[in-house]
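Asks: First, the structure itself, so that you have it in front of you.
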Amino acid sequence: MKIGYYDAKRMVYGLKGKIYYIEENQEECYYLKQLVQIPESSLEKLCRWHHFKGSAETRYRSLTELILPGTALELKLSREWNYKELYLAALEATAKLCRVSKYQIYTVEGLVEKIQEKLDRMPQEEREKLPAFTAFFETCEV
C-alpha cells in the first residue's frame, strides 16, 4: 500500500529516483559542481581507491576524465549517462548503503543531509568498507 502511494506521487509530481523519491529541479551543471567540489580528503580517497597518484591538478583531471566515468560504470549507468544521472545514482546507492528510509519525499539536499548524518555516526571500520563513490557525500576527514 505504502509503495503504491509513493509511486503514485512519483508519477504525479515527477519525482526522480529509482529507489528513493527525490524532488529535484537543478540543471546538470549543478550536479557536476557537486561532484567536483568535494573536500580534498574525499578526492584523495577516490584517487586511492582507483589507484591514481599525482598532484592536486592531476587528481582533479583524473576525477573528471577517469573516476566519474568509472563510477558511472560501477553504478551500471547507460553509455549516454550525464552528471545529473551519475550524481542521483551515487546519491541513491549511498543512501541505501547507509540505510536511509526510502518512504519519504526528499529534496536532493535533504537526502544528502540524511546520508551525512548516517555516515558521521557510522563506525570507522564500517565506513572504510563502503564503495569509493560514497566519498562524494562525506563531510569530515576520513
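The values are calculated or read from the model by the stated rules, or taken from the named source; none is laboratory data. Keep in mind the model is a prediction, meaning the values are calculated, not measured. A quick note on method: Cβ atoms are made from the backbone with ideal geometry, for glycine too, and the neighbour counts reach across all protein chains shown.
Asks: Identify the single condition in (1) touching a residue at least 24 places away in the same chain (Cβ under 8 Å); (2) buried (at least 18 other Cβ atoms within 10 Å of the Cβ); (3) under 20 Å from Glu138 (Cα atoms) that Glu74 does not satisfy, given that it satisfies every other one.
Replies: Of the numbered conditions (1) touching a residue at least 24 places away in the same chain (Cβ under 8 Å); (2) buried (at least 18 other Cβ atoms within 10 Å of the Cβ); (3) under 20 Å from Glu138 (Cα atoms), the odd one out for Glu74 is (2).
Asks: Test Tyr83 against the stated conditions and say whether it is over 18 Å from Leu35 (Cα atoms) and surrounded by 16 or more Cβ atoms within 10 Å (Cβ to Cβ).
Replies: So Tyr83 does not fit the description; no.
Asks: OK, next. For residues that are in contact (Cβ under 8 Å) with a residue 12 or more places away in the chain and either farther than 20 Å from Glu24 by Cα or among the β-branched types (Val, Ile, Thr) (or both), tally how many sit in the stretch 77-123.
Replies: Total satisfying the criteria: 14.
Asks: Here is a follow-up. Just name the residue that is nearest to Tyr103 (Cα to Cα) out of those in the stretch 3-20 that are out of contact with any strand residue (DSSP E or B) (no Cβ under 9 Å at 6 or more places or on another chain) and assigned to a loop (DSSP other than H, G, I, E, B). Break it down into steps so the answer makes sense when it comes.
Replies: First, pick out the residues of the stretch 3-20 that are out of contact with any strand residue (DSSP E or B) (no Cβ under 9 Å at 6 or more places or on another chain): 3-5, 8, 11-12, 18-19.
Then keep just the ones that are assigned to a loop (DSSP other than H, G, I, E, B); that gives 18-19.
Working: Lys18: 12, Ile19: 9 Å.
Filtering first and then ranking leaves Ile19.
Asks: Against the condition assigned to a helix (DSSP H, G or I), of a type in the set (D, E, K, R) and on the phi < 0 side of the Ramachandran plot, how does Arg79 come out, does it pass?
Replies: no
Asks: Keeping to the stretch 1-40, report how many residues are of a type in the set (Lys, Arg), surrounded by 10 or more Cβ atoms within 10 Å (Cβ to Cβ) and more than 21 Å from Ala72 (Cα to Cα).
Replies: 2
Asks: Any idea which of Glu23, Glu44, Glu80 is under 22 Å from Thr107 (Cα atoms) and among the charged types (D, E, K, R)?
Replies: Glu23
Asks: Now a separate question. So which of Leu66, Leu43 is modelled with pLDDT of 90 or more, surrounded by 13 or more Cβ atoms within 10 Å (Cβ to Cβ), within 19 Å of Leu88 (Cα to Cα) and not aromatic (Phe, Trp, Tyr)?
Replies: Leu66
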